[in-house]
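The values are calculated or read from the model by the stated rules, or taken from the named source; none is laboratory data. Only a predicted model underlies this, so the values are computations on that prediction, with no experimental measurement involved. Backbone-built Cβ (ideal geometry, glycine too); neighbour counts: all protein chains shown.
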Amino acid sequence: MSAGKVFVFLLAGAALGVGAGAAFWFAPGSPAETSSRPTAALPRTAITAAPAPIVGASAPDFTLTDLQDRSVNLSGLSPKAVLINFWATWCDPCREELPLLDRIAKKYENSLSVIAVETGEPEDEVRSFAESLSITSLTVLLDPSFAVRDLYLVRGLPTSFFIDANGTVHQIKIGALDSSEIDAILSHMGVAP
């Protein structure tokens, strides 16, 4: 076998090894997801048995608690469209995006529910962080056990899901959004301020 073919085989093998390692590392229950907190102490999160969300399919339903200790159910937000944003306080793009999402929630208050699902941090830290940003118009939900994050197969933060008034996923966006992009997506969905 020529040196060139051997190099190609070695390169392909290395790529497969890296891919397999990443799949193992980011899989639910992997070392990346272990926590020092005992799982028995985490509150249970009600979710529906549903496939992962895809564009054109129904968004999986869930119930989480907000910062005022009220239960919020995704299907209960109908007949408004919904923007779900998964975030964390340690995520720099999330920190920049949350004030924008709060302004969007205020701008579209009659036609859109904006919910920000915080993934895995203590409630007091999340509350303090939201207060420091003067978040008042969007709803911050707590996902301490990562159940909803896993249900939605979120692998990077921030990640946003645009869901129409019928509960159908219209668009999924990984990474930070800007106001013109949000306005364009909502306009395409028929959502007006």
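Being of a type in the set (A, V, I, L, M), out of contact with any Phe, Trp or Tyr (no Cβ under 8 Å at 6 or more places or on another chain) and more than 16 Å from Thr65 (Cα to Cα) is a property that Ala81 lacks.
Has the range 46-68 got at least one residue that is under 18 Å from Ile174 (Cβ atoms), out of contact with any Ser or Thr (no Cβ under 8 Å at 6 or more places or on another chain) and among the small types (Gly, Ala, Ser)?
Scanning the range 46-68, I find at least one residue that is under 18 Å from Ile174 (Cβ atoms), out of contact with any Ser or Thr (no Cβ under 8 Å at 6 or more places or on another chain) and among the small types (Gly, Ala, Ser), so the answer is yes.
The rows are residues; the columns are (1) modelled with pLDDT of 95 or more; (2) on the phi > 0 side of the Ramachandran plot; (3) not aliphatic (A, V, I, L, M).
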| position | (1), (2), (3) |
| --- | --- |
| Pro93 | yes, no, yes |
| Leu98 | yes, no, no |
| Arg103 | yes, no, yes |
| Tyr108 | yes, no, yes |
| Leu112 | yes, no, no |
| Val117 | yes, no, no |
| Gly120 | no, yes, yes |
| Ser128 | yes, no, yes |
| Leu138 | yes, no, no |
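Assigned to a helix (DSSP H, G or I), surrounded by 16 or more Cβ atoms within 10 Å (Cβ to Cβ) and either free of Cβ contacts under 8 Å to residues at least 24 places away in the same chain or out of contact with any Lys or Arg (no Cβ under 6 Å at 6 or more places or on another chain) (or both): does that describe Ile185? Yes.
Does Gly156 fit the bill of being surrounded by fewer than 21 Cβ atoms within 10 Å (Cβ to Cβ) and at positive phi? No; evaluated as a whole, the condition is false for this residue.
Restricting attention to the range 62-80, and to residues there that are assigned to a loop (DSSP other than H, G, I, E, B) and in contact (Cβ under 8 Å) with a residue 24 or more places away in the chain, which single residue is farthest from Asp124 (Cα to Cα)? My answer is Pro79.
Scan the range 81-101 and tell me whether some residue there is within 20 Å of Thr168 (Cα to Cα) and hydroxyl-bearing (Ser, Thr, Tyr).
The answer is no, given that none of the residues of the range 81-101 is within 20 Å of Thr168 (Cα to Cα) and hydroxyl-bearing (Ser, Thr, Tyr).
Of the candidates Asp178, Asp164, the single residue that is touching a His at 6+ places or on another chain (Cβ under 6 Å) and at pLDDT 95 or above is Asp164. Of all residues in the range 118-158, how many are farther than 18 Å from Pro99 by Cβ, small (Gly, Ala, Ser) and without any contact (Cβ under 8 Å) to a residue 24 or more places away in the chain? Looking only at that region, the number is 1. Looking at (1) surrounded by fewer than 16 Cβ atoms within 10 Å (Cβ to Cβ); (2) within 12 Å of the chain's Cα centre (by Cα); (3) of a type outside the set (A, V, I, L, M, F, W, C); (4) on the phi > 0 side of the Ramachandran plot, which is the one condition that is false for Gly190? Only one criterion in (1) surrounded by fewer than 16 Cβ atoms within 10 Å (Cβ to Cβ); (2) within 12 Å of the chain's Cα centre (by Cα); (3) of a type outside the set (A, V, I, L, M, F, W, C); (4) on the phi > 0 side of the Ramachandran plot is unmet by Gly190, namely (2).
Table: residues versus (1) surrounded by 15 or more Cβ atoms within 10 Å (Cβ to Cβ); (2) among the acidic types (Asp, Glu); (3) in contact with a strand residue (DSSP E or B) (Cβ under 6 Å, 6 or more places away or on another chain).
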position: Lys80; (1), (2), (3): yes, no, yes
position: Asp92; (1), (2), (3): no, yes, no
position: Lys107; (1), (2), (3): yes, no, no
position: Glu121; (1), (2), (3): yes, yes, no
position: Asp124; (1), (2), (3): no, yes, no
position: Ser128; (1), (2), (3): no, no, no
position: Asp143; (1), (2), (3): yes, yes, yes
position: Ser160; (1), (2), (3): yes, no, yes
position: Ala165; (1), (2), (3): yes, no, yes
